[in-house]
Amino acid sequence: MKLYSTNNKDLSVSFREAVFNSLPSDKGLYMPVEIPSLSSDFIAKLDQYSLQEIALEVAKNLIGNPIPAADLNALIAEALNFDAPVVFLDKHTAVLELFHGPSLAFKDFGARFMSRVMAYLSKEEKNHKVLDVLVATSGDTGGAVALGFLGVAGTRVTILYPKGKVSPVQEQQLTSNDQNIRAIAIDGTFDDCQTLVKEAFNDPELASAFRLTSANSINIARLIPQTFYYFHAYAQLLRQGIKNIVFAVPSGNFGNIGAGLVAHKMGLPVKHFLAATNSNDTVPRFLETDSYEPKPSIQTLSNAMDVGNPSNWIRIMDLFEKDSSLLKEKVTAYAFSDEDTRRGIEELYTDYGYIACPHTAIAYLATEAYKEKNPGDYTAVFLATAHPCKFPEVFPPEILAAIDTPEQVKSLASRPSKKEELGTAFQGFKQWLLANR
Ligand SMILES: *Cc1c(COP(=O)(O)O)cnc(C)c1O
């Protein structure tokens, strides 16, 4: 697999380089030079394959040489040790549940796969330093990454999250891991956290003191495994004789929907994609006005999507050769307020007896909005990106009482929590890193 930078088409780096650098030095994002098409035979027979078989075929085609198929297979088996079922609400509406991993959010796919890819590629190097993973999170990434790397030899994770802007369960997930995981509460927004991480990567002194790498959705090793479940969802619908699918994706940094669009480019037949955002509506505004104007992030009920300047957006533009009219043929974007979100949650519960987290409810609202304007015989599949029990403060008492809390969360509260607190100034963060080697 060769990758270029979205700021420089002539650059060509190896998979290993892209994984460990995470960002090209020109501050673009890595993208595959070639996105291979899967054989039409494989696509036609998707219903015969398991999630793991699908993952192997997709990953083999994308990654190629750097990881031999047998090793890739073992890595996938370890990383994807949980299911991603499609649950039908009715013939034309279904949910793809991506929250059955250890952190109860879809980011487990990316984090668990990436941590094992990094450990695998590190093992092959002589005299390597500890691999220091820096993560900015608006909530769920950090938990998934922490659990993804927890106890993986030769790695250490530092998580930055916006103080007071993640849910209590999320905070407990970020701060109670110990071992090779550290958490820092930053007195600012998610964008501030992301800026600190970006600055750290561009700092020469830190670059020589540490072997730094990123675990954000910007890392190419996070994007790859997120393509798997789109194929796997299609496989499950195919088993019901359904071929005409619209995917609705709760979107913040746009990594998840970006992976869906890569899957589509590899040959997955998808009628249309819906990008569903909260009031952080930079992309819906862009598709309406053709003018990309990022804004500072706004705090909402769906806090994992509180992103004012989605970092993966540039990748999506590249997939469509920066042609927004091509893009609009395949992607429609919707923004919903907190009030809408509460309505979506209530509606799903009363109409279908289904309890969705606020992010998931927003994707559901997008399917409803799309269906209203686009009647036809297709099935709208909205992605459930987190388990509702992670957001107890969002639900009215009746719905809250009906949520089944999984074991992972029940045991969480009793674990001791530990965190550092820092401001948004880069110097402070840098000094802390140097003082805590
Ligand atoms: C991260 C996250 C999102 C947004 O995904 P992106 O890939 O950043 O667009 C949506 N829902 C939940 C629960 C998340 O954790």
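None of the figures in this text is laboratory data; all of them are computed from the coordinates on show. The structure presented is a predicted model; accordingly, all values stated were derived computationally and were not measured. Using ideal geometry, Cβ is built from the backbone for each residue, glycine included, and neighbour counts are taken over all protein chains shown.
Between Asp338, Asp281, Asp90, the Gaussian network model of the chain with springs among Cα atoms under 10 angstrom shows the greatest mean-square fluctuation at Asp90.
Using the Kirkwood radius over Cα pairs, work out the Stokes-Einstein diffusion coefficient for the range 83-192 at 10 °C and 1.306 mPa s, in µm²/s as a whole number. Present the calculation step by step, with values, prior to reporting the outcome.
On the way: Rh = 15.1 Å.
This corresponds to a translational diffusion coefficient of 105 µm²/s.
Mind checking the range 287-345 for trypsin sites (Lys or Arg not before Pro) that DSSP puts in a loop (not H, G, I, E or B) and that have at most 13 other Cβ atoms within 10 Å? Listed in order of number, the matching sites are Lys322. Can you grab the distance from the C-alpha centre of the range 268-310 to the C-alpha centre of the range 314-353, Å, no decimals? Here the answer is 8 Å between Cα centres. Of Leu237, Leu96, Leu11, which has the largest mean-square fluctuation in a 10 Å C-alpha GNM of the chain? For the chain, modelled as a Gaussian network with Cα springs under 10 Å, the answer is Leu11.
Kindly provide the trypsin sites (Lys or Arg not before Pro) of the range 188-285 that DSSP labels as loop, not H, G, I, E or B, and whose Cβ sees at most 16 other Cβ atoms within 10 Å. Provide the component values of the computation, followed by the final result.
Details: sites: Lys198, Arg211, Arg222, Arg239, Lys243, Lys265, Lys271, Arg285; in loops: Arg239, Lys243, Lys271.
Those satisfying the criteria are Arg239, Lys243, Lys271.
Each residue of the range 118-265 gets 145 Å³ once the volume of the Cα convex hull is shared out per residue. Backbone amide hydrogens, once placed in the peptide plane, bring Ala248 within less than 5 Å of Leu274, Val381, Phe382, Leu383, excluding anything fewer than 5 places away on its chain.
Evaluated on the range 50-113, the Kirkwood hydrodynamic radius is 12.9 Å, with distances taken between all distinct Cα atoms.
Projected onto its three principal axes, the C-alpha set of the range 194-327 covers 57, 35, 33 Å, listed from the longest axis down. Here the translational diffusion coefficient of the range 162-249 follows from Stokes-Einstein with Rh set to the Kirkwood radius across Cα pairs; for 25 °C and 0.890 mPa s it amounts to 147 µm²/s. What the phi angles of the range 304-318 give under the Karplus curve with 6.51, -1.76 and 1.60, with θ = phi - 60°, is a coupling list of 6, 10, 7, 10, x, 9, x, 5, 7, 4, 4, 5, 5, 4, 5 Hz, glycine and proline written as x. Assuming a ≥ b ≥ c are the square roots of the Cα gyration tensor eigenvalues, decide whether the range 285-437 counts as rounded (a/c under 1.5), prolate (otherwise, with a/b larger than b/c) or oblate. Here the range 285-437 falls in the oblate category. 3J(HN,Hα) along the range 23-37, derived from phi through the Karplus expression 6.51 cos²θ - 1.76 cosθ + 1.60 where θ = phi - 60°, amounts to 10, x, 5, 7, 6, x, 10, 6, 9, x, 4, 10, 9, x, 8 Hz, with x in place of Gly and Pro. Between Lys330 and Glu124, the modelled label-to-label distance comes to 2.9 nm, taking each label 7 Å out from Cα in the direction of the beta carbon.
Helix-derived [θ] at 222 nm for the chain: sum -39500 (n - 2.57) over DSSP H runs of at least 4, divide by residue count, nearest 500? The helix contribution divided over the chain gives -13000 deg cm²/dmol. Taking other C-beta atoms within 10 angstrom as a stand-in for reagent exposure, Ser37, Ser414 fall in the order Ser414, Ser37, fewest first. Here are some pairs, Lys9/Lys163; Lys328/Lys430; Lys27/Lys165; Lys198/Lys371; Lys295/Lys410; Lys123/Lys410; which of them have Cα atoms lying more than 32 Å apart in this structure? The answer is Lys9/Lys163; Lys328/Lys430; Lys198/Lys371; Lys295/Lys410; Lys123/Lys410.
When the Gaussian network model of the chain links Cα atoms closer than 10 Å, the mean-square fluctuations of Pro204, Pro392, Pro294 top out at Pro204.
Put simply, the Cα atoms of the chain extend 59, 50, 43 Å along their principal axes, the longest span coming first.
Just add up the charged neighbours of Phe320: K/R +1, D/E -1, any other residue whose Cβ is under 14 Å from the Cβ of Phe320.
Numbers: positive: Lys265, Arg315, Lys322, Lys328, Lys330; negative: Asp290, Asp318, Glu321, Asp323, Glu329.
Summing Lys and Arg as +1 and Asp and Glu as -1 gives 0.
The Cα trace of the range 22-154 gives Rg and Dmax of 16.8, 56 Å, the first to one decimal, the second as a whole number.
Shape class of the range 1-55 from the alpha-carbon gyration tensor: prolate, with a/c at 1.5 or above and a/b greater than b/c.
Which order do Val13, Val169 fall in if you start with the one that has the fewest other Cβ atoms within 10 Å?
On the way: Val13 17, Val169 21.
Taking fewest neighbouring Cβ atoms as first place, the list is Val13, Val169.
Ordered by the number of other Cβ atoms lying within 10 Å of each residue's own Cβ, fewest first, His264, His128, His359 fall into the sequence His128, His264, His359. Computed 3J(HN,Hα) for the range 422-434, one whole-Hz value per residue from the Karplus formula 6.51 cos²θ - 1.76 cosθ + 1.60 where θ = phi - 60°, is 9, x, 8, 6, 5, 4, x, 5, 4, 4, 4, 4, 5, glycine and proline marked x. Counted over the range 330-373 with a bin width of 10 Å, the fraction of Cα pairs per bin, in whole percents, is 30, 56, 14, 0. Pairs of Cα atoms in the range 248-356 fall into 5 Å distance bins, from 0 up to the last occupied one, in shares of 2, 12, 21, 24, 17, 13, 8, 3, 0 percent.
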